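The values are calculated or read from the model by the stated rules, or taken from the named source; none is laboratory data. Since this is a predicted model, take the numbers as computed values, not measurements. All Cβ positions, glycine included, derive from the backbone under ideal geometry; neighbour counts span all protein chains shown. Remember, those area values only see protein heavy atoms, side chains included, never the ligands or the DNA or RNA. Shrake-Rupley method; radii C 1.70, N 1.55, O 1.52, S 1.80 Å.
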Amino acid sequence: MPLKLLKCDVTIPEREKHVYIKEPGEDTTQYLPISNAATIPGTLSERGCSYCGAKLVIGGVLKDTIQMIHGPVGCAYDTWHTKRYPSDNDNFQLKYVWSTNLKEKHIVFGGEKQLKQSIIEAFQEMPDIKRMFIYTTCATALIGDDPKAVAKAVEKELGDVDIFVVECPGFAGVSQSKGHHVLNMGWINEKVGTLEPTITSPYTINFIGDYNIQGDSQVLEKYFHKMGIQIIAHFTGNASYDDLRGMHRAQLNVVNCARSAGYIANELKKRYGIPRLDIDSWGFEYCQDALRKVGAFFGLEDKAEEVIAEEVAKYKEQMEWYRAGLKGKKVCIWTGGPRLWHWTKALEDDLGMTVVAMSSKFGHQEDFEKVIARGNEGTIYIDDANELEFFEVLEMVKPDLVLTGPRVGDLVKKLHLPYINGHAYHNGPYMGFEGSVNMARDMYNAIYSPLMKLAAIDVREKAALEVGV
């Protein structure tokens with residue numbers, strides 16, 4: 001039976017529907033693991049909340065925007081400095097976060113006055129910043145505060161500011177994916193089309209679903225500029241608030257992370273007729289395919305080939321060297337959603353590695369369809385995995401490396417297995433040609449580092465042998 005109940009889940013038999021092992025000749029529409037469903041109580045989920053999906057993944061990346069979290073201070077702290085998304089605005093978005101710092105009295109009597117005071121204080125303290133995102137949290141949604149009304153009052157009072165409210169309490173939806181959707185739909189409903197961008201090229205795109213982790217966006221932007229293509233807006237890596245207001249003027253939406261930002265690409269197509277083109281920008285071969293697709297859309301095939309030739313010449317030799325050391329190594333990919341299917345074939349085709357297990361925190365059915373189609377027979381696929389399942393799977397597949405986030409990564413290190421930060425990277429960027437080399441380098445260094453072997457040695461036992469105890 002391809003759907004599998006792991007030993008650790010005997011007391012939670014419903015988990016069988018969330019674990020799948022691919023077998024020969026199967027129709028994946030019959031055996032897809034259930035996904036985008038509420039977490040089963042007691043399973044120690046690794047998921048984040050809706051608020052986290054909106055603020056941490058998308059909105060908090062903007063380089064010129066005050067990020068005001070309307071709720072207890074812990075909500076702000078939890079989503080600050082946990083992702084490595086730099087910007088060319090002196091990393092403004094990494095340095096600051098704002099909170100209304102609600103206390104018990106605000107929960108009892110309402111927090112709207114505190115919100116208004118906090119908004120005005122923030123703009124006064126940052127006089128050069130005229131843009132703001134406000135996020136609701138569980139507490140402020142439950143007490144019924146109306147942050148949109150407060151925002152409109154402040155805009156009218158101050159005159160030269162623009163505020164966007166994301167109503168994304170953590171309890172909404174089943175995972176951080178709900179926050180992605182809320183922010184996407186809110187932005188296109190309220191802000192897209194409210195500002196006309198300056199057009200400098202006959203070829204224009206929005207690059208959607210990339211968050212400039214350790215400079216990813218800036219790497220890809222360099223390729224597009226060499227092809228003569230103007231990026232109207234990044235959604236949202238290294239982007240400004242006003243860039244995103246002009247998304248309606250692009251000729252093409254190039255989508256990388258379909259799960260976090262496919263919603264706005266679809267709406268831009270419906271409302272403004274802008275075509276959507278999905279690409280993979282992780283992976284040496286994938287990046288070549290991506291540039292060729294975009295080049296073909298604009299009739300810039302020659303320009304695309306020039307960029308590809310230049311980058312391949314710089315990095316191919318290094319990729320081949322790393323392939324020799326990584327070929328045949330087994331890897332687990334335990335990340336959010338789309339990276340499973342972005343990375344699996346890239347690691348296997350570019351580097352000869354074998355992906356033996358995959359886990360998604362917030363993937364939907366279409367994400368599992370893609371990754372299972374790209375994956376090998378015998379590979380384990382899990383939706384919303386828990387810690388005990390991770391340990392059991394590690395014993396089953398015995399990988400050489402795990403790509404995951406820091407929380408699970410710390411558990412993995414205790415088993416003396418190397419891990420690479422699949423959320424924020426070790427030493428990125430990881431996108432594009434140079435990013436593929438960086439990722440291969442980090443995986444190679446992790447696997448061949450002597451530290452893991454040294455960590456497995458119990459020095460107490462060695463000392464006992466030396467003294468003859």
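Data table
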| read-out | value |
| --- | --- |
| Candidates Ser118, Ser87 - the one that is closer than 26 Å to His234 by Cα, polar (S, T, N, Q) and outside any strand (DSSP E or B) | Ser87 |
| Selection within the range 32-49 - over 17 Å from Ala172 (Cα atoms) and surrounded by fewer than 17 Cβ atoms within 10 Å (Cβ to Cβ) | Gly42, Leu44 |
| Positions within the range 50-95 being under 19 Å from Val174 (Cα atoms), out of contact with any His (no Cβ under 8 Å at 6 or more places or on another chain) and either open to solvent by 20 Å² or more (accessible area, probe 1.4 Å) or touching a residue at least 40 places away in the same chain (Cβ under 8 Å) (or both), in sequence order | Ser50, Tyr51, Cys52, Lys55, Leu56, Cys75, Asp78 |
| Unmet requirement for Val331, which otherwise passes all of (1) under 17 Å from Ser281 (Cβ atoms); (2) buried (at least 24 other Cβ atoms within 10 Å of the Cβ) | (1) |
| Failed item in (1) more than 29 Å from the chain's Cα centre (by Cα); (2) within 22 Å of Cys52 (Cβ to Cβ); (3) at pLDDT 95 or above; (4) assigned to a helix (DSSP H, G or I), with Asp145 passing the rest | (4) |
| Residue within the range 96-107 that is touching an Asp or Glu at 6+ places or on another chain (Cβ under 6 Å) and either at pLDDT below 95 or surrounded by 15 or more Cβ atoms within 10 Å (Cβ to Cβ) (or both) present | no |
| Positions within the range 187-209 being more than 24 Å from Phe224 (Cα to Cα) and without any contact (Cβ under 8 Å) to a residue 24 or more places away in the chain, in sequence order | Asn189 |
| Within the range 298-322, tally of residues that are in contact with a Gly (Cβ under 7 Å, 6 or more places away or on another chain) and not in a helix (DSSP H, G or I) | 1 |
| Failed item, numbered, when Glu301 is tested on (1) free of Cβ contacts under 8 Å to residues at least 40 places away in the same chain; (2) of a type outside the set (A, V, I, L, M); (3) under 17 Å from Gly432 (Cα atoms) | (3) |
| Residues of the range 285-308 that turn out to be farther than 13 Å from Asp350 by Cβ and open to solvent by less than 60 Å² (accessible area, probe 1.4 Å), as a count | 11 |
| Where Ser359 falls short, out of the listed (1) assigned to a strand (DSSP E or B); (2) among the polar types (S, T, N, Q); (3) touching a helix residue (DSSP H, G or I) at 6+ places or on another chain (Cβ under 6 Å) | (3) |
| Filtered residue count, the range 314-339, keeping only those that are touching an Asp or Glu at 6+ places or on another chain (Cβ under 7 Å) and closer than 25 Å to Asp278 by Cα | 4 |
| Among residues of the range 40-78, those that are more than 19 Å from the chain's Cα centre (by Cα), of a type in the set (Ser, Thr, Tyr) and at pLDDT 95 or above, counted | 1 |
| 3 or more residues under 13 Å from Ser359 (Cβ atoms): qualifying strands (runs of 3 or more DSSP E) within the range 371-469 | 380-383, 401-404 |
| Residues of the range 219-249 that turn out to be among the hydrophobic types (A, V, I, L, M, F, W, C), farther than 19 Å from Leu62 by Cα and either without any contact (Cβ under 8 Å) to a residue 60 or more places away in the chain or in a loop (DSSP other than H, G, I, E, B) (or both), as a count | 2 |
| Out of Gly295, Gly337, Gly325, sole residue that is assigned to a loop (DSSP other than H, G, I, E, B) and not aromatic (Phe, Trp, Tyr) | Gly337 |
| Matching residues, the range 31-57, being in contact with a strand residue (DSSP E or B) (Cβ under 8 Å, 6 or more places away or on another chain) and within 16 Å of Thr137 (Cα to Cα) | Tyr51, Ala54, Lys55 |
